[in-house]
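Below: one structure, written as structure tokens.
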Amino acid sequence: MGDNTDDCLGIDSSSNVLQPKKLESLDKIDIKTFAYGSGPHILALTEDGKVYSWGYNENGELGHLGNYGEPSLPKMIHDLENKFVDIACGSYHSLALTKDGEVYTWGLNNYGQIGGNNERQTIPKKISTLANKVICIACGQNFNMVVTKDRKIYSWGSNNVGQLGIGNYTTQDSPHLISSLIGVVIVKVVCGSHHTLVLTDEGTLYVWGSNSYRQLGIISGPGKTNVCSPATVDSATGKEMGKISDIAAVHTSNISVALCTSGCVYVWGNCNGKKCYPTATLFSNIHEVFACYTSVMHKPLILCVNKQPSILECLSSAFNDPSTSDLTIEVEEQVIHVHKAILKIRSSYFRIMFKENWAENNQSIIQHNQFSYVVYKAFLKYLYTGILDLPIENVFELLDLANAYCETDLKRHCINIVKQEVTVKNVIPLYNSAIKKNMQELEKFCFEFALEHMTAVSMSETFAELDDVSTLRTFIIKAASANAFRT
């Protein structure tokens, strides 16, 4: 629905649409995601790896052989059939990523953004100079970023404000390695109109490119203008944000967004025409930021409208509600209000406890002293919501509870929380704990993380905590077998 400029709605009509209208040509086709170019042109990726396109096509953005016309209906790009896993759009060019890690480009090439010297191209062509498998793609207005399987990042296209991050302002018509980030484990890259954000596995944010609206989060010093090499946001702001779990930007704007592990969403850059420094918002998710400050979402959003609360929402609100509970659990002289029926349904431990011939089944107040209040409350809340709300320093105690109560799913949730919080500084203590508690999955994850950051880990203060001769010897042998000490 909405404005149908250049047939961007993909319907058999050039009229604007005020009510949602079904795209008959995509009926019963399982769509995975969409991508949007400024023309506007639209790409749609199917679950089985096909790519459809429609809309503006003056520069061959739609990828149809020899065709610069504007088809009003979605049309499959035949050169991109049954092998693609991701798509991205710049203003007037397009990218697609295959399941084998190959990158194809097409469209406008005035800054070398699709590679080579041609002004524009309608036929998708493979970027042959990328030797390693690509796992992530992103587009700025007229430049691209890709991350390879070995966690190296390459860029090409326009570089007038340093948006390629290669240490200069020279445009590139083929992928160029950002050498200053070698050794950094990159998990996500996103592009604004003329700037780039990169997130590492430690939750650190790197930025470069245009800073005309403070979209880099750099307020003072030489980075007050443009930055042509990876940099971090100002230290005060970075410390305030803490560890970051997700980032977002969109090629049509100069805005940056970050979601912290604390759940707080930060925004900075061009916020409705005003320069905004990194600011904590009251938004609960990244989508809300883009809905408020830009005209284009950073990725498709699926909306579900329920007139009544769902079962899960009702269960969540019932936790620790004294008006409906039939059981009070006392821990460290503090009370938690729960419901026997819910505990019996969700936990085998309580299912056994509340058998008819057990004393606890007839009690309205039960005391527990084996675990701390904060951990036991988090466990009970997890039974109601499936969500863990607990600081990492208490997670290992919750793991002990999960083992004692035979809660396999809870144990898996705890391990995932620990994985998200692993850093160079704490990986060795977590590795030791995983060994002592016989948590092989976590032990393997910590070892592989340490392997990725071997130099920094081996020089950290906590490396000395591998003081057990057997543990240290095993660690070194495993690291050597993985070529961590190759010259």
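The values are calculated or read from the model by the stated rules, or taken from the named source; none is laboratory data. Computed from a prediction, not measured in an experiment: that's the story for all the values here. Every residue, glycine among them, receives a Cβ derived from its backbone with ideal geometry; neighbour counts consider all protein chains shown. Protein only, heavy atoms only, side chains kept; ligands, DNA and RNA dropped before computing areas. Shrake-Rupley method; radii C 1.70, N 1.55, O 1.52, S 1.80 Å.
The table for this structure:
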{"item": "Residue within the range 238-245 that is farther than 20 Å from VAL147 by Cβ, open to solvent by 50 Å² or more (accessible area, probe 1.4 Å) and either touching a strand residue (DSSP E or B) at 6+ places or on another chain (Cβ under 6 Å) or at pLDDT below 95 (or both) present", "result": "yes"}
{"item": "Residue in the range 213-228 that is open to solvent by 10 Å² or more (accessible area, probe 1.4 Å), within 24 Å of GLN420 (Cα to Cα) and either out of contact with any Phe, Trp or Tyr (no Cβ under 7 Å at 6 or more places or on another chain) or outside the structural domain of SER91 (by the TED database) (or both) present", "result": "no"}
{"item": "Elements of type helices (runs of 4 or more DSSP H) contained in the range 258-359, each with 3 or more residues being under 24 Å from LYS243 (Cβ atoms), within 20 Å of the chain's Cα centre (by Cα) and not assigned by the TED database to the domain that holds TYR384", "result": "286-293"}
{"item": "Residues that are among the polar types (S, T, N, Q) and surrounded by fewer than 16 Cβ atoms within 10 Å (Cβ to Cβ), drawn from the range 288-319", "result": "SER295, ASN306, GLN308, SER310, SER316, SER317"}
{"item": "Strands (runs of 3 or more DSSP E) contained entirely in the range 49-154, each with at least 2 residues that are polar (S, T, N, Q)", "result": "93-98, 120-126, 143-148"}
{"item": "Answer residue from the range 242-265, given it is in contact (Cβ under 8 Å) with a residue 40 or more places away in the chain and aliphatic (A, V, I, L, M) and is nearest to LEU390 (Cα to Cα) among those", "result": "ILE244"}
{"item": "Residue ID - least open to solvent (accessible area, probe 1.4 Å), chosen from residues in the range 163-193 that are of a type in the set (Ser, Thr, Tyr) and in a loop (DSSP other than H, G, I, E, B)", "result": "SER193"}
{"item": "Qualifying residue in the range 149-162 (condition: under 11 Å from HIS93 (Cβ atoms), buried (at least 20 other Cβ atoms within 10 Å of the Cβ), in the same structural domain as VAL189 (by the TED database) and β-branched (Val, Ile, Thr))", "result": "no"}
{"item": "Exclusive hit being within 29 Å of the chain's Cα centre (by Cα), surrounded by fewer than 19 Cβ atoms within 10 Å (Cβ to Cβ) and assigned by the TED database to the domain that holds HIS339, set LEU410, LEU399, LEU388, LEU380", "result": "LEU388"}
